[in-house]
Amino acid sequence: MATTIQPPAPTTYTRSRFSLRSTRGRTGLLRQALLQTLCLFVLLTVLFPVIWVVSLSLDSRPGVSRPDGLNLIPPNPNFDAYAQVIKQPTTNPISFLELTLNSLKIAIGTSVFSVAIGVFAAYAFSRLRFRGREVLMLMILGVLMLPAVATLVPLFVMLNSINIPFPIIGAFNLRQSLLGVGLAVLSGALPFAIWNLKGYLDTIPRDLEEAAAVDGADIHQTFLQVILPLSVPALAVTGFLGFISGWTEFYFTSTFLAGSVPNHTLALALNAMVGQFAATPWAQFSAFAILFAVPPAIVYFLVQRWITSGLAVGAVKG
C-alpha cells in the first residue's frame, strides 16, 4: 500500500517568517533610535559652545565670564555689546567697518589670485609634459607640508627689504601694507590650490579636449570653454578655502602690521580685546566673535551648491 507524504503545515512556516520579520523590525528600530540619539548628542556637543558664546554676547552685566550654570538665557538680554563693537571695537583709532574692509581685501585677494594662478598652473601640470615637472610638483608638495609660521621670518626679511620712495606720500614699505600680507598669505594658499586643482583636472577625461580639437578649438578655447566650466566645483572649494585662510589670518598680520594701525584686520582687533592686565570684556568679545564669523558663513551659503558637489566628486574619483 503506497503511503502519501504530507506537506508541512504552512502555518508553522508563516508564523516563523512573521516572527523573524518582527525581530528584524525591532532590531532596526532599536538601531535607528541609537543612531538618532548619537546624532543628537553630537549636535548638542557642537552647538553648545556656539550657544554659550551667543548667551555671553547678550549678557550686559559687567565682569560676567560665563552664564549662570546651565542657564543659557541671561537676565535682561540685549544687543548693547554688538552696538558697542560696531561703534568702537578697540581702543585703537580704527572703526569696525575699516577693520572689515581690510580683512575683506586680504580674504578676497587670496581667494581670487589663488584660484586664478592655481588653475593655470594645475592645468599645465595635469595636461602638459615638460622637463622638471616631477621636481616642481615635489617642491609644491614640500611647501604645502610646511606650516605657515615656518615661512614667517624669511617673508618678513624679504618684504621688509622692498621700499619704494614716493615724492608726496613718502616711502612705501611692502611689509607694512595689506599688499605684503596678502602676498604672504597667497604664498601659503597657492601650493594647496595648485595641488587640489591638479588632482581634480586629472579626473576630467581627455576625450573631451580631443573632441573640441576635432571641432577646431585651439588649446586656449578648450581650456576656457571646456575645462573651466567642468572645474567650477573644484574652483569653488579652492576659492572658499582661500577666503577662509585670508579672513582668519593672524600670524602674518600680527607680525607685519604691528605698528600700522590703519591696516589692522578683524583678527588683530579681536585678539586686542583680550585683557592681559585688565579684565576681558566678554560680552563685547563674544559679540565680536559672532560678527567675525558672519562673512564666511554668508560666502559658504552662496557657494554651498558647488562646494558640496566639488567635495563629493573629489571623494568619489579620488
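Take the conditions (1) over 18 Å from the mean Cα position of the chain (by Cα); (2) modelled with pLDDT of 90 or more; (3) not small (Gly, Ala, Ser); residue 291 misses just one of them, which is (1). Go through the stretch 188-202 and give me each residue that's within 21 Å of the chain's Cα centre (by Cα) and either basic (Lys, Arg) or surrounded by fewer than 17 Cβ atoms within 10 Å (Cβ to Cβ) (or both). Result: 198, 199. Taking the listed residues 89, 165, the one that is in the same structural domain as residue 250 (by TED's automatic domain parsing), modelled with pLDDT under 85 and touching a Ser or Thr at 6+ places or on another chain (Cβ under 9 Å) is 89, with no other qualifying.
Residue count for the stretch 168-180 under the criterion of being in a helix (DSSP H, G or I) and hydrophobic (A, V, I, L, M, F, W, C): the result is 2.
Selection over the stretch 121-157 of residues that are closer than 26 Å to residue 224 by Cβ, surrounded by 12 or more Cβ atoms within 10 Å (Cβ to Cβ) and among the aromatic types (Phe, Trp, Tyr) gives a count of 2.
Matching residues to (1) in a loop (DSSP other than H, G, I, E, B); (2) in contact with a strand residue (DSSP E or B) (Cβ under 8 Å, 6 or more places away or on another chain); (3) among the aliphatic types (A, V, I, L, M); (4) at pLDDT 90 or above:
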residue: 118; (1), (2), (3), (4): no, no, no, yes
residue: 136; (1), (2), (3), (4): no, no, yes, no
residue: 144; (1), (2), (3), (4): no, no, yes, no
residue: 149; (1), (2), (3), (4): no, no, yes, no
residue: 182; (1), (2), (3), (4): no, no, no, yes
residue: 188; (1), (2), (3), (4): no, no, no, no
residue: 196; (1), (2), (3), (4): no, no, no, no
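State the number of residues belonging to the stretch 33-71 that are modelled with pLDDT of 75 or more, of a type outside the set (S, T, N, Q), within 25 Å of residue 270 (Cα to Cα) and surrounded by 10 or more Cβ atoms within 10 Å (Cβ to Cβ). Residues meeting the conditions: 10. For first residues located in the stretch 216-241 and in contact (Cβ under 8 Å) with a residue 40 or more places away in the chain, partners that are outside any helix (DSSP H, G or I) and lie 6+ apart or on another chain with Cβ distances below 8 Å form the pairs 227/204; 231/204; 236/303; 239/303; 240/303.
The values are calculated or read from the model by the stated rules, or taken from the named source; none is laboratory data. Bear in mind that the values here come from a model prediction, so they are computed numbers and not experimental data. FYI the Cβ positions are ideal-geometry reconstructions off the backbone, even for glycines, and counts take in every protein chain you see.
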